[in-house]
Amino acid sequence: MNSAALTSPDPHSGVTDVPDVPASLRPAAMFDQLATLIYGAGDFTEIYEALVRSTVTLVDGCDHASLMLRGRSGIFDTVAASDPIARQVDDLERKHNEGPCLDAIEQERPQLEPDFAKTTQWPTLAAAIIAETPVRGGAGFRIVVERSKIGALNLFSDHEGALDEASVNQGIILAAFASVVIAAVQNRDRADTLSQGLDSNREIGKAIGLMMAFHKISDDAAFDLLRKASQDMNIKIADVARQVVNHHNTDKG
């Protein structure tokens, strides 16, 4: 993991420092670290920046990360990037109208390109990336809020093959968490009220991410299962999610 890449963030950015996270960290603990960052963030921009900085720290093989969200005009804008390189790759995807990040928004499955130098489904983008940036691999994970595909969490690596199946599983979990956080942000007028509902949302995000990663189902399917269980058991969906997470932690010992 690239934990060293973010131990000294820009002192003028106002973004909370990202803690050094061991490679063996379990998904539930990953969410605890992320929740700490969100609690410490002062406004929406800081929350988004914390998400992308955490992604670089937590995902194996990830050197750069960005967050694209749909703007009022319908265009997907980069609202946060770990560094200028991540923002540049996003710009290239929009310029050439192709790439794993744009496709991830529309596709149910994550999009992965381990090596842009090899045969790829995005040849125009790949040529531009290789010519203009140090990036050699990329991956995209869609962000869904209230059943609307509103954006993507994007990962980039400077080394071919560094982003792999393990990276994808980690990215799925982080994207699920990002969806929950962004939903909370969009449903509140002030960032300082986010913490009031984050505990419940965090449990839901954990459960969705775990169910997606370990049962190979989509985010929509995972949420539907939680909601159905909530209705059948007549308990809050956050309580169902907490039981899922606790069961996973018990199985892990």
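The values are calculated or read from the model by the stated rules, or taken from the named source; none is laboratory data. Just so it is clear, the structure is predicted and the values come from calculations on it, not from any experiment. Because the Cβ atoms are built from the backbone with ideal geometry, glycine has one as well, and the counts that use them run over all protein chains shown.
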Members of the stretch 77-127 found to be at pLDDT 90 or above and β-branched (Val, Ile, Thr), listed by number: THR78, VAL79, ILE85, VAL89, THR124
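Here's the yes/no breakdown for (1) in contact with a strand residue (DSSP E or B) (Cβ under 8 Å, 6 or more places away or on another chain); (2) more than 15 Å from VAL135 (Cβ to Cβ); (3) surrounded by fewer than 18 Cβ atoms within 10 Å (Cβ to Cβ):
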{"residue": "VAL56", "(1), (2), (3)": "yes, no, no"}
{"residue": "GLY61", "(1), (2), (3)": "yes, no, no"}
{"residue": "HIS64", "(1), (2), (3)": "yes, no, no"}
{"residue": "MET68", "(1), (2), (3)": "yes, yes, no"}
{"residue": "SER73", "(1), (2), (3)": "no, yes, yes"}
{"residue": "ASP77", "(1), (2), (3)": "yes, yes, yes"}
{"residue": "PRO84", "(1), (2), (3)": "no, no, yes"}
Only one residue in GLY171, GLY151, GLY138 is out of contact with any Pro (no Cβ under 7 Å at 6 or more places or on another chain) and not β-branched (Val, Ile, Thr). Which one? GLY151
So ILE235 passes all but one of these: (1) without any contact (Cβ under 8 Å) to a residue 60 or more places away in the chain; (2) surrounded by 14 or more Cβ atoms within 10 Å (Cβ to Cβ). Which condition number does it fail? (2)
Identify all residues within the stretch 141-175 that are surrounded by 24 or more Cβ atoms within 10 Å (Cβ to Cβ), more than 18 Å from LEU210 (Cβ to Cβ) and out of contact with any strand residue (DSSP E or B) (no Cβ under 7 Å at 6 or more places or on another chain); write none if there are none. none
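Here is a yes/no grid of residues against (1) within 10 Å of GLY61 (Cβ to Cβ); (2) among the polar types (S, T, N, Q); (3) more than 14 Å from the chain's Cα centre (by Cα):
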| position | (1), (2), (3) |
| --- | --- |
| ALA117 | no, no, yes |
| GLN121 | no, yes, yes |
| ALA126 | no, no, yes |
| ALA131 | no, no, yes |
| ARG142 | no, no, no |
| LEU153 | no, no, no |
| PHE156 | yes, no, no |
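Results for (1) within 21 Å of ALA183 (Cβ to Cβ); (2) of a type in the set (Gly, Ala, Ser), shown as yes or no for each residue.
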{"residue": "PRO84", "(1), (2)": "no, no"}
{"residue": "HIS96", "(1), (2)": "no, no"}
{"residue": "GLU106", "(1), (2)": "yes, no"}
{"residue": "PRO110", "(1), (2)": "yes, no"}
{"residue": "LYS118", "(1), (2)": "no, no"}
{"residue": "ALA127", "(1), (2)": "no, yes"}
